[in-house]
Structure formats: C-alpha cells, structure tokens
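Since every read-out is calculated from the coordinates, none of them should be taken as a lab result. Since this is a predicted model, take the numbers as computed values, not measurements. Cβ placement follows ideal geometry from the backbone for every residue including glycine, while neighbour counts extend to all protein chains displayed.
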Amino acid sequence: MNDHTACVICTSDLWEDEAGRSICRPCQQRIDRNLQSIAGPCGLYARLALRTTPGKGSDGPAVSGTRGSSMPPSEHVLNLVANGGIASDLEAWVDDWASHGLAQTSAGGRLQYRVDQAVKTLRLNLPQAALRHPALKDFNHEIRKIIRTCKRIIDNEKPPIELRAQCPCGGTIPFTLNTDGETCRSCETPYSHGDILRLDLAERRAAA
Ligand SMILES: [Zn+2]
Ligand SMILES: [Zn+2]
C-alpha cells in the first residue's frame, strides 16, 4: 500500500480520493496518451519505421523535409526500429509490470505487432499500476524519452532548449518546456510544470 501524499511524477499534492496512488490522475492520463501515441498504424513507431524504407512510403504520408527522404536511414534509426530497440524497451517494461502482476507478456510476432501488444497491455493495466507499481516515475521518464527520440527524428527536430529558472533560495533549476516538474537541488523545493514557468529565468552567465 502506498502512502504518498504527492504525485511521484509532477509532485503536486494528491487529492483525498487519490489516496493509495503514487501518481495523480492527470499524470496517469498523460502516460496513457503517451503510450497511445507510440502504437498503431499512424503511431510514432510506425512513422519511424517508415523512415527506414525510403521510396516505399507511398501508402503513408509523404516524408517531409528537403533532403531527408532521399538520405539512407541512419544506423541509429535502424537500431530503434529493429529488435532490441523500441519494441524491446517496451517489452522490458511489460516483463517488469508482469512481475508485479500488472501485465501479460505475449510472445513474438512482427515488430509493429509487438509494439502494439506491449502498449495495449501497459495501457490496460495502467490504472492498477497507479496503485501498485513502485517505479512509475522511471517508467514515465523512459516512455517520454522514447517519444522525444521518435519525434526528433520524424520532425528533424532539435533537442529542446534547456532553460534555467531562478529559485527564490538563490539556486538555479535547469528545465525544458516539456518538463513534468523539477526539484531545486539547493533547497529541495518541488515545482510543478506550472510553478516552474512562473519563476524568473536565471541570467545566463559565463561559468564562474
Ligand atoms: Zn502528477
Ligand atoms: Zn531552491
């Protein structure tokens, strides 16, 4: 039984009717949406896989970018899409959740099928995991990392800019705009996503 008083992901206080949970409902919904965005024929995994078959994407959306589509896929992208990549990362979490009685492992199949199955069982068991799984913060972190990696490749995106907020204690807190919340390392004050955006930005100074 958990006795958390704050969400382990965003650090906002849990409501009375969220007693026994380790994460708040909004965080649970975010995780669910994130998982959903990876799977399916239009999901991030499928779109990433499309990038590894240049010239064969006629049944999918045209790959945008000025030169990107004519370039051979990088080894990095191939590794993500192959066995040992995203599918295996998700299955490792399925195995972990299964060891807590929170998921059903399924064996084999094509990579897209494996991704879809892993996402399906994780989403199905997420409401129970919110009550019982001991490492949802790590789970959330890794799912977001998978999504960021996919999106960066699909959109040719640059990594998010790292900003620094000024904590009233004098400390500075590095964060990016898609943070779930951060904790000041100097005074250990937790800030939610909204709170951290309300802080002043720290001056960028040359390393002292
Ligand atoms: Zn939360
Ligand atoms: Zn502080």
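Using Cα-Cα distances under 8 Å and only pairs 6 or more residues apart, what relative contact order does the chain have, in percent?
In percent, rounded to a whole number, it is 21.
With springs only between Cα atoms under 10 Å apart, run a GNM on the chain and tell me which of Glu91, Glu142, Glu162 wobbles the most.
Glu162
With +1 on each Lys and Arg Cβ and -1 on each Asp and Glu Cβ, and nothing else charged, work out how big the dipole of region 100-208 is about its Cα centre, in Debye to the nearest 20.
Charge dipole, region 100-208, about its Cα centre: 420 debye, nearest 20.
Amide H to amide H under 5 Å from Ala6: which residues, 5+ apart in sequence or cross-chain, H placed 1.01 Å off N in plane?
Leu14
Most mobile of Leu44, Leu131, Leu122 per a Gaussian network model of the chain (Cα springs, under 10 Å)?
Leu131
For n ≥ 4 DSSP H runs only, could you compute -39500 (n - 2.57) per run for the chain, divide by its residues and tell me the 222 nm figure to the nearest 500?
-13500 deg cm²/dmol
Between Phe175 and residues 5 or more places away or on another chain, which pairs have amide H atoms under 5 Å apart, with H built 1.01 Å from N, and which residues are they?
Amide H to amide H, under 5 Å and 5 or more residues apart or across chains, Phe175 pairs with Leu163, Arg164, Ala165.
Residue by residue through region 86-94, which ³J(HN,Hα) values in whole Hz follow from phi under the Karplus form 6.51 cos²θ - 1.76 cosθ + 1.60 (θ = phi - 60°), with glycine and proline marked x?
4, 4, 6, 4, 5, 5, 5, 6, 4
Lysine pairs in the chain 8 or more apart or on different chains: how many have alpha carbons under 20 angstrom apart?
Within the chain, the lysine pair count is 4.
Using only the Cα atoms of the chain, each taken as one equal point scatterer with no solvent, compute I(q) by the Debye sum, divide by I(0), and report log10 of the ratio at q = 0.09 Å⁻¹.
Rounded to two decimals, the profile gives -0.44.
Could you pull out every residue, at least 5 positions away or on a different chain, whose amide H is within less than 5 Å of the one on Tyr191? Hs are placed 1.01 Å off N in the peptide plane, and Pro or chain starts have none.
Result for Tyr191 returns Glu182, Thr183, Cys184.
I'd like the FRET efficiency for Ile161 and Leu124, computed as 1/(1 + (r/R0)^6) with the beta carbon distance as r and R0 of 41 Å, rounded to 0.05.
0.70
Please build a GNM for the chain, connecting alpha carbons under 10 Å apart, and tell me which residue among Leu90, Leu136, Leu78 fluctuates the most.
Its mean-square fluctuation being the largest, the pick is Leu78.
If the only charges are +1 at each Lys and Arg Cβ and -1 at each Asp and Glu Cβ, what is the size of the charge dipole of the chain around the Cα centre, to the nearest 20 debye?
In total the dipole reaches around 820 debye.
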